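Working notes, beginning with the structure itself.
The values are calculated or read from the model by the stated rules, or taken from the named source; none is laboratory data. Note that the coordinates shown come from a computational prediction; the quantities given were computed from them, not determined experimentally. Using ideal geometry, Cβ is built from the backbone for each residue, glycine included, and neighbour counts are taken over all protein chains shown. Ligands, DNA and RNA are stripped out before the accessible areas are found, and what is left, the full protein with its side chains, is counted by its heavy atoms. Shrake-Rupley method; radii C 1.70, N 1.55, O 1.52, S 1.80 Å.
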Amino acid sequence: MVDMTALTNMHSGSEASRRIRKRRRAETRLKAYGILAIFLAAVALIALLSSVIFKATAALTESYVTIPVKLEVAEIDPDVTNDPRIIRRADFSGLTKDALKTRFPDAKGRTTRRELYDLTSSGAAFELAEKVAADPDLIGETIDYQFLASDVTDLYLKGDFGEVFDKPTNGKLTVALSEDGARLSSSVNDFSAALGRVKDGLIDQAKLKRQQAQLQENGVVFFENALSDAETDAEKKQAKAQLVSRRAARDALIAEAEDLETRSQSASGAEDLSESNRSVLVRAGGGWFKITRLDTARAEADVIIQPSESIENVDEWRLLVTELAPNARKVSDNQIAWIEELREDGNVATVFNSRFFTSGDSREPELAGIWGAVVGSFWTMVVTFALAFPVGVLAAIYLEEFAPKNKITDFIEVNINNLAAVPSIVFGLLGLSVFLGVFGVPRSAPLAGGIVLALMTLPTIIIASRAAIRAVPPSIRDAAVGLGASPLQSVFHHVLPLAMPGILTGTIIGMAQALGETAPLIMIGMVAFIVDIPTGITDSASVLPVQVFRWSDFPERAFEARTAAAICVLLGFLVLMNAFAVFLRKRFERRW
Amino acid sequence: MMNDMRITERTMSNEIKIAAKGVDVFYGDTHAIKDVDVEIENKAVTAFIGPSGCGKSTFLRCINRMNDTIDVCRVSGDIHLEGEDIYAKDVDPVQLRARVGMVFQKPNPFPKSIYDNVAYGPKIHGLARNKAELDEIVEKSLRRAAIWDEVKDRLDAPGTGLSGGQQQRLCIGRAIATAPEVLLMDEPCSALDPIATAQVEELIDELRASYTVVIVTHSMQQAARVSQKTAFFHLGNLVEYGNTDMIFTNPSDSRTESYITGRIG
Amino acid sequence: MLFLGFFAILALASAAYVLARNRASAVVGGEVSRLHSRPNYHGFLAFLVAAIIGWALLFVVGGVWGILIERAMMADIMAALPEVSPIEAELILSDAHAIADSGIASKSGPLRDEIAAKLTSHSALHDYGTLLLAALGAALAGFWAYSNVSEGWRARNRSENIVRRILAFMTIIAILTTVGIVLSLIFETLNFFRNIDWQVHKYLFGTNWSPLSGVQAGKLDPDKVGAIPLFAGTLLITVIAMLVAVPIGLFAAIYLSDFAGPRVRAWAKPMLELLAGIPTVVYGFFAAITLAPFLRNTGESVGLSIASESALAAGIVMGIMIIPFISSLSDDVINAVPQSLRDGSYGLGATKAETIRQVVLPAALPGIVSAVLLGISRAVGETMIVVMAAGQGANLTANPLEAVTTVTVQIVMLITGDTEASTAAGPAFTLGFTLFCVTLLMNVAAQRIVRKYRELYD
């Protein structure tokens, strides 16, 4: 029997307080989950934004290298016409190569030459052509021209290929040049620090080998099991063969790793430097050397730039060690030496990258800009707005003010709600088959994109407009109709103006969604490579989000920063639009 | 419609269950309750009356600290339950509310079965050791709430399916199942029709035997019918407090008199 | 041409407006109050009929005439080369179009030049003929309105009727869009099924997906169109996304609605809205460039091999994208649970946690279920994140560390790939139709549930 009055006593006493503590703990737990959820969402947002913004900073600047270039009359305008058209047709890219060759005459051999030509952008020659065409008086002179640096040069200057460490030098350097290289010796053990770094690199390599060995070991275990489980002879044979080859591979890798480890541990002992070691470069007497064999006080080296004087017991010399091995970075040792040499001469400049905001798309990252995509987005948004806004508002007026309440209206409502949740890619397919296929709207054009986005935005605008119209109190309509206005007049003269701030807010939010939309535009061909800035709604164009998508797919590293920068621009526009919507809502919000 | 027989039957225990002293309540900048002192007797029905917005409900919600759930609400002063300060730091409002149950203006059964509605309180407070005990608590509570006969065959039906009066009695049963010492009722009959009201009033009178009941009502007749003590609130002040028959027959304050005779309200 | 026509009709209609308005004033000798409708309405009616008739003619005549020309040209090509397939004939026609527009054709030849010449002459006739007809129609309509202007002419009622019809037509556009989607998808889907000899089960239940590898003369290999790997991949990524989004979104909603103070709400809600406003392509970039390498490196350091296009990376980021969706919808339904229920629970001495778990959440459950359904529907239809971060090869696996592909990825690959559009369209549109049906089902179910739920508490 339960005595209800006795139960009352269970609310106090030690048992009750023990229970209450437990219940309070459960409450704290739930609250903690909530805080954790908010925290995780915040972390995700911060990680996303910071990674984008951090990556984008690299696209804010671009680099130029100044190299004297001789503008030969014979090459450019042999007949001295001074006609810009003839000048533009001249071989400026050859002139650029000549200028580079003149600057670094020691670059010989096809690969080395190609590395040299890679210092400047392929677009630099066009710019030089434009400059000369605009100012034909320059022809015949030798000018110091600022060539746009290639993406590799630019990234190296931004430290994207790892740091380059300047090791202190105390001793005096002597270099003996011979046919096949140079022998370097320092009066003290200046190379030991560099050697140490190289040996640290060996440990990393050994680690990698051990990881690979571990993978082989996994294979060994797998096939050991396979062997014991095997039932037929053929299976056994296969497993055995696999086992043997994997064991061998594992043992070889472990041996290599052990060798690397012992080499890294001995403080002395010369190292041969290969593609997989950190590079060591020496600059002395106006020349550059790439070390091929390194000991604590002496080294063997290849000559990248011939020294201008003989080097004997020189005090002033630089010893550079790279963070990454040549096979782990896109910039070669030669290029590092050339760029560093240009930098020593003050011929490298890094300036604000205005090109990114003013030029169209390009396959060369250093030439690529977002202006074309921004203009494309603008035209697309113009079309979207011109279609979606009137249609959306008029449809909302009809549904709110005139539609009879019947099955058809219900169906339209369900239909609009569903349309709002149809995946965007399906709208792309609709655009592809109906507007491109049946109506013959030009492919890749803002017109096509605008129509598709308008259909996508329509439900958003209709839903927002209906809410805004519904919020206008019936007394306003009654007042207008009571004065003899027709229902249509009451709506267009009184209700609509009052609902307009709400309608505009909804429209802007819908447009912001459309601005960030990508998938349907890919379907209708706006993903094509388009260099020109579109001038109207029927030109081929790309839009910002599609540009982001395309660039993110390119293998060149330099595009990563540009993609991130394009995202920042896109987010900037979205923030502006949403801020404007919030402003409208705050400024004109009316509570009835 | 006054039931004189009931008034003569009234017995006073005179033991103080709840003592409030200098209670002030603020909603943001609004001063909702101004320096209220009141002593509520054990095992009796006390009615709070007054025009709407006078603060009677607000004061009721101070007694089980329901006001804590409202962010902008601040309470100062002392309220003691059996000599224990309920606003003391070490008092857990959750534990307090188990001892001081509450029934609300609008019947608010949970969207669960009738059984689960009543079993909810005993479950969270761990009052039953097993299913049989829980069943017993549910049955007893529903019997005390005078609704057992109406629902005993459909305990699994949703509580929201009952009629308004049944819902309110279910809510009372739900409050009883938690085994409180005090029952607070915030205009429990305002959403009910006259017949349901009569049933609930009858129930309140029966509950007096086991519980201290505090009821807020805007109906003076109801206060007169069910309560032994009456407190009249006006504009956040406790104007007058005393035996119900005294208040209704011989009010000492002119405002009380105006209210009772229908001149303010 | 279309623009010129558009503005020509606009000019005509405006002229009709001015004429009709002036005539209305003149008819009553300036005593405007004698008119049934004010002069502006007479003008407006003239404008409406002229513009509507003109634009409609422009559109209909231009469209039908254009189709007729195409048909005639196709007939010419088929007559000249009876042995070519319709697809090749279409190719020739599009080349001819390119030549006529002085663009770049894939091939040139006498037939193409001949067709191009015909096209040029036809299109001149087509353009001017259409314009003339439309202008004539507009002028006649305008004249009708003009000649009808009189004292008792109910121009206002008539024009308002027309405007109402226009409003109704705007509403129809939403339905037309749905109809367009369904028709275009069904059309290509049926083509596709015909192409695989109506072996629909091979599409729905087959496990080998490489539709373009078995193409012979435009005919697909029914054994290579099994979409199960795509469905499984979509499901895997969706499940990961929901595992991320539902707990985080739901707990965030619970915290914001019942625990958080106004200060926390003041920054947490805009934060979630910000998360909701980020374009999916940005999420895709984050998944591909930041999260996937991070996961791979982390996996490597603990000895797990994680594919760089793993389902995990795409799923997690998709989950992040859906968090605000779940949280805002759940927040709405949790807030819609009446305060009286919460009070009832608190009044019995329940803690907040007990109230939420045992009263609020059960009451809000239908709404939360529909929020999750809508979230799933979003995840299934999401394109950019998976295109950028998920795999492209159809791989049937349940391991989230491996690369899987999804329905949307395959649609994008098929449409943007190098294969002949007419061949790739079949499987792409069929996948699109499948996607449309699945998301539609979920949306309708979610809407039903929400509607029921609203009825419960309103």
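Tell me yes or no: at least one residue of region C:229-248 is surrounded by fewer than 15 Cβ atoms within 10 Å (Cβ to Cβ) and within 19 Å of C:Ala425 (Cα to Cα). No. The single condition among (1) within 19 Å of the chain's Cα centre (by Cα); (2) at pLDDT below 90 that B:Asn108 does not satisfy is (2). Modelled with pLDDT of 80 or more, touching a Lys or Arg at 6+ places or on another chain (Cβ under 7 Å) and of a type outside the set (Phe, Trp, Tyr): is that true of A:Ala182 in this structure? For A:Ala182, the condition - modelled with pLDDT of 80 or more, touching a Lys or Arg at 6+ places or on another chain (Cβ under 7 Å) and of a type outside the set (Phe, Trp, Tyr) - is not met. A:Ser310 passes every criterion in (1) assigned to a helix (DSSP H, G or I); (2) modelled with pLDDT under 85 apart from (1).
Examine region B:120-128 for a residue that is under 29 Å from C:Arg357 (Cβ atoms) and in contact (Cβ under 8 Å) with a residue 60 or more places away in the chain, and state whether such a residue exists. No; the residues of region B:120-128 include none that is under 29 Å from C:Arg357 (Cβ atoms) and in contact (Cβ under 8 Å) with a residue 60 or more places away in the chain.
Whether a residue is away from chain A (no Cβ under 12 Å), closer than 22 Å to C:Ser345 by Cβ and at pLDDT 90 or above was assessed, and B:Arg174 passes this test.
Checked against the criterion of being modelled with pLDDT of 90 or more, assigned to a helix (DSSP H, G or I) and facing chain C (nearest Cβ under 10 Å), the candidates A:Ile503, A:Ile462 yield just one match: A:Ile462. Tell me, please, whether a residue that is assigned by TED's automatic domain parsing to the domain that holds C:Ala379, surrounded by fewer than 15 Cβ atoms within 10 Å (Cβ to Cβ) and assigned to a helix (DSSP H, G or I) can be found in region C:286-294. The answer is yes; a qualifying residue exists. Put simply, of C:Leu440, C:Leu374 the only residue that is within 11 Å of another protein chain (Cβ to nearest Cβ), without any contact (Cβ under 8 Å) to a residue 60 or more places away in the chain and open to solvent by 10 Å² or more (accessible area, probe 1.4 Å) is C:Leu440. Which residue is surrounded by the fewest Cβ atoms within 10 Å (Cβ to Cβ), if the candidates are limited to region A:415-436 and must be more than 7 Å from chain C (Cβ to nearest Cβ) and more than 16 Å from C:Phe433 (Cβ to Cβ)? If we take residues in region A:415-436 being more than 7 Å from chain C (Cβ to nearest Cβ) and more than 16 Å from C:Phe433 (Cβ to Cβ), then A:Ala420 is surrounded by the fewest Cβ atoms within 10 Å (Cβ to Cβ). The residues in region B:189-209 that are part of a helix (DSSP H, G or I) and not aliphatic (A, V, I, L, M) can be counted, and the count is 7. Taking the criterion of being over 30 Å from B:Ile70 (Cβ atoms), in contact (Cβ under 8 Å) with a residue 60 or more places away in the chain and either touching a Leu at 6+ places or on another chain (Cβ under 6 Å) or more than 7 Å from every other protein chain (Cβ to nearest Cβ) (or both), the only residue of region C:256-283 that qualifies is C:Tyr283. When residues in region C:413-427 are screened for being at the interface with chain A (Cβ under 7 Å from one of its Cβ atoms) and open to solvent by less than 50 Å² (accessible area, probe 1.4 Å), 1 of them pass.
Taking the residues in region C:122-171 that are of a type in the set (Val, Ile, Thr) and part of a helix (DSSP H, G or I) as candidates, determine which candidate is surrounded by the most Cβ atoms within 10 Å (Cβ to Cβ). Checked region C:122-171; the qualifying residue surrounded by the most Cβ atoms within 10 Å (Cβ to Cβ) is C:Thr171. Taking region B:120-156 as the range and being closer than 27 Å to B:Arg61 by Cα, within 11 Å of another protein chain (Cβ to nearest Cβ) and either in contact with a His (Cβ under 9 Å, 6 or more places away or on another chain) or open to solvent by less than 60 Å² (accessible area, probe 1.4 Å) (or both) as the test, the residues that pass are B:Tyr120, B:Gly121, B:Pro122, B:Ile124, B:His125, B:Gly126, B:Leu127, B:Ile137, B:Val138, B:Lys140, B:Ser141. Take the conditions (1) touching a helix residue (DSSP H, G or I) at 6+ places or on another chain (Cβ under 9 Å); (2) at pLDDT below 95; (3) within 13 Å of chain A (Cβ to nearest Cβ); (4) over 30 Å from B:Asn117 (Cβ atoms); C:Ile306 misses just one of them, which is (3). Cβ separations smaller than 7 Å between residues 6+ apart or across chains give the following pairs from region A:349-362 residues that are hydroxyl-bearing (Ser, Thr, Tyr) to residues that are not in a strand (DSSP E or B): A:Thr350/A:Leu157; A:Thr358/A:Gly369; A:Thr358/A:Trp371; A:Ser359/A:Leu367; A:Ser359/A:Gly369; A:Ser359/A:Trp371; A:Ser362/A:Ala368; A:Ser362/A:Val531.
In summary, helices (runs of 4 or more DSSP H) completely within region A:1-102 and bearing 3 or more residues that are within 10 Å of another protein chain (Cβ to nearest Cβ), surrounded by 13 or more Cβ atoms within 10 Å (Cβ to Cβ) and of a type outside the set (Val, Ile, Thr) occur at A:14-56. Can you say whether C:Leu185 is within 14 Å of chain A (Cβ to nearest Cβ), part of a helix (DSSP H, G or I) and either at negative phi or modelled with pLDDT of 90 or more (or both), as far as the supplied structure shows? Here the answer is yes, as C:Leu185 does meet what is asked. Within region C:342-351, the set of residues being buried (at least 21 other Cβ atoms within 10 Å of the Cβ) and within 7 Å of another protein chain (Cβ to nearest Cβ) comprises C:Gly344, C:Tyr346, C:Gly347, C:Leu348, C:Gly349, C:Ala350, C:Thr351. Within region A:579-589, identify whether any single residue is surrounded by fewer than 21 Cβ atoms within 10 Å (Cβ to Cβ) and in a loop (DSSP other than H, G, I, E, B), and answer yes or no. Checked region A:579-589: at least one residue is surrounded by fewer than 21 Cβ atoms within 10 Å (Cβ to Cβ) and in a loop (DSSP other than H, G, I, E, B). For region C:94-110, the condition of being open to solvent by 70 Å² or more (accessible area, probe 1.4 Å) and assigned to a helix (DSSP H, G or I) holds for at least one residue. When you check C:Ala364 against the structure, is it within 13 Å of chain B (Cβ to nearest Cβ) and modelled with pLDDT of 90 or more, yes or no? For C:Ala364, the condition - within 13 Å of chain B (Cβ to nearest Cβ) and modelled with pLDDT of 90 or more - is met. For region C:377-386, filtered to residues that are in a helix (DSSP H, G or I) and more than 7 Å from every other protein chain (Cβ to nearest Cβ), the residue that is nearest to C:Leu435 (Cα to Cα) is C:Val380.
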